[in-house]
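Below you'll find the structure, written out as structure tokens, and then a few comments.
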Amino acid sequence: MVFPEYRPRRLRKNESFRSLIRETRLSASQLIYPLFVMPGKNARETIPSMPGIFRLSVDQLAREAKELLALGINTVILFGLPEKKDAMGSGAHAKNGIIQQAIKELKNKAPELMVITDVCLCEYTDHGHCGCIIGQDVDNDATLEILAKTALSHAQAGADMVAPSDMMDGRVAEIRGMLDENNFEMIPIMSYAVKYASAFYGPFRDAADCTPKFGDRRSYQMDPANSREALREATLDVDEGADILMVKPAVAYLDIIAMLREEFDLPIAAYHVSGEYAMIKAAAEKGWIDGEKVMQETLLSIKRAGADIIITYFAKDMAKILRQ
Ligand code: PBG
């Protein structure tokens with residue numbers, strides 16, 4: 001059937017038709033909101049490159065949790081700014097570390113909220129790399145044990161899920177082993193399976209104070225030019241026991257999201273990262289784009305590419321629109 005018998009515009013006539021045949025929909029329950037937790041009391045620090053996002057002290061978390069739940073957002077991912085940093089990132093698995101305190105506070109005050117933790121060392125090392133340094137580079141195998149200890153300490157504090165973002169080889173298996181040995185076999189792993197060495201993380205590194213003091217992350221994060229390698233990375237994580245696969249960043253990597261959706265039957269998450277958020281916010285502030293519409297179109301495109309779950313700083317803004 002071709003024109004004039006067939007007319008695609010028939011089904012675009014008004015919002016009732018459009019809504020009836022809509023293929024992709026966003027839901028607040030599949031959005032994850034990142035939270036930055038800092039030491040101190042009564043702290044609510046703005047992050048200049050991420051308008052609308054704050055670093056919060058632990059005592060501010062309960063209020064934040066209530067607001068999120070009221071909006072239908074059931075899940076957060078936590079990032080911590082420790083009091084002190086050292087070469088080995090020991091603050092990441094400190095019993096009373098910033099994230100461990102945050103998990104306990106949230107689980108205490110808002111038990112319905114799902115708490116995922118980012119498992120990485122870059123916020124806790126004085127050199128800002130995602131593992132410990134031996135020689136001139138991050139030592140893969142020595143880092144694994146520290147990551148596993150970190151994941152275990154998060155589970156012990158009450159985290160619902162752990163999300164390793166370090167990109168060391170073998171870390172999913174190491175973390176799975178450590179959790180299972182300690183009777184946390186029911187705690188899932190959302191692995192940052194395909195994480196590119198991206199310039200879109202700039203604002204996050206300001207927010208979490210984790211810019212590497214020397215070199216860059218290209219010896220562990222992936223080369224943006226590669227997609228076959230993404231399949232290999234994801235396959236390894238599936239074999240090592242990942243429960244959810246994540247692609248990061250999102251918008252510049254929609255092809256990778258679509259490919260993983262095609263190849264794997266695990267749930268797929270996409271991280272709409274700080275730089276992607278900042279660009280929309282900045283252009284909207286200048287009046288160059290309609291920020292709200294561009295946000296919706298962007299998040300929809302990530303879902304349409306095949307992501308089930310979206311981690312985004314826009315979670316609250318989007319949830320407000322979805323509620324209308
Ligand atoms: C930690 C980590 C980073 C992000 C999430 N976890 C920074 C990085 O790898 O440099 C970036 C998130 C964002 O940009 O929003 N390794």
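The values are calculated or read from the model by the stated rules, or taken from the named source; none is laboratory data. What you see is a predicted model, and the numbers here were worked out from it, not measured in a lab. For neighbour counting, all protein chains shown are included, and Cβ atoms are generated from backbone atoms with ideal geometry for every residue, glycine included. Protein only, heavy atoms only, side chains kept; ligands, DNA and RNA dropped before computing areas. Shrake-Rupley method; radii C 1.70, N 1.55, O 1.52, S 1.80 Å.
Inclusion of Arg232 among residues that are under 20 Å from Pro188 (Cβ atoms), away from the ligand (no atom under 15 Å from the Cβ), assigned to a helix (DSSP H, G or I) and not acidic (Asp, Glu) is not warranted.
Could you please find all residues in segment 26-45 being in contact with a strand residue (DSSP E or B) (Cβ under 6 Å, 6 or more places away or on another chain) and polar (S, T, N, Q)?
Within segment 26-45, just Gln30 meets the criteria.
Looking only at segment 227-257, residues that are farther than 20 Å from Asp169 by Cα and more than 18 Å from the chain's Cα centre (by Cα) come to 1 in all. Considering segment 25-46, the residues that are in a strand (DSSP E or B) and of a type in the set (Ser, Thr, Tyr) include one that is surrounded by the most Cβ atoms within 10 Å (Cβ to Cβ), namely Tyr33.
Flag set for Leu260, criterion: more than 16 Å from the ligand (Cβ to nearest atom), modelled with pLDDT of 95 or more, open to solvent by less than 40 Å² (accessible area, probe 1.4 Å) and in contact with a strand residue (DSSP E or B) (Cβ under 6 Å, 6 or more places away or on another chain).
Looking at segment 67-92, which of the residues that are of a type outside the set (A, V, I, L, M, F, W, C) and more than 18 Å from Phe54 (Cα to Cα) is nearest to the chain's Cα centre (by Cα)?
Among those that are of a type outside the set (A, V, I, L, M, F, W, C) and more than 18 Å from Phe54 (Cα to Cα), it is Asn74.
Taken together, the criteria exclude Ser29 from residues that are more than 30 Å from Gln101 (Cβ to Cβ) and small (Gly, Ala, Ser).
A residue that is within 15 Å of the ligand (Cβ to nearest atom) and among the acidic types (Asp, Glu) can be found somewhere in segment 123-138.
For segment 289-304, the tally of residues that are of a type in the set (A, V, I, L, M, F, W, C) and open to solvent by 20 Å² or more (accessible area, probe 1.4 Å) stands at 3.
One line per residue, one yes/no per condition, for (1) modelled with pLDDT of 95 or more; (2) touching a helix residue (DSSP H, G or I) at 6+ places or on another chain (Cβ under 9 Å); (3) loosely packed, with under 11 Cβ neighbours inside 10 Å:
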{"position": "Arg18", "(1), (2), (3)": "yes, yes, no"}
{"position": "Glu23", "(1), (2), (3)": "yes, yes, yes"}
{"position": "Pro48", "(1), (2), (3)": "yes, yes, yes"}
{"position": "Pro51", "(1), (2), (3)": "yes, yes, no"}
{"position": "Arg55", "(1), (2), (3)": "yes, yes, no"}
{"position": "Gln60", "(1), (2), (3)": "yes, no, no"}
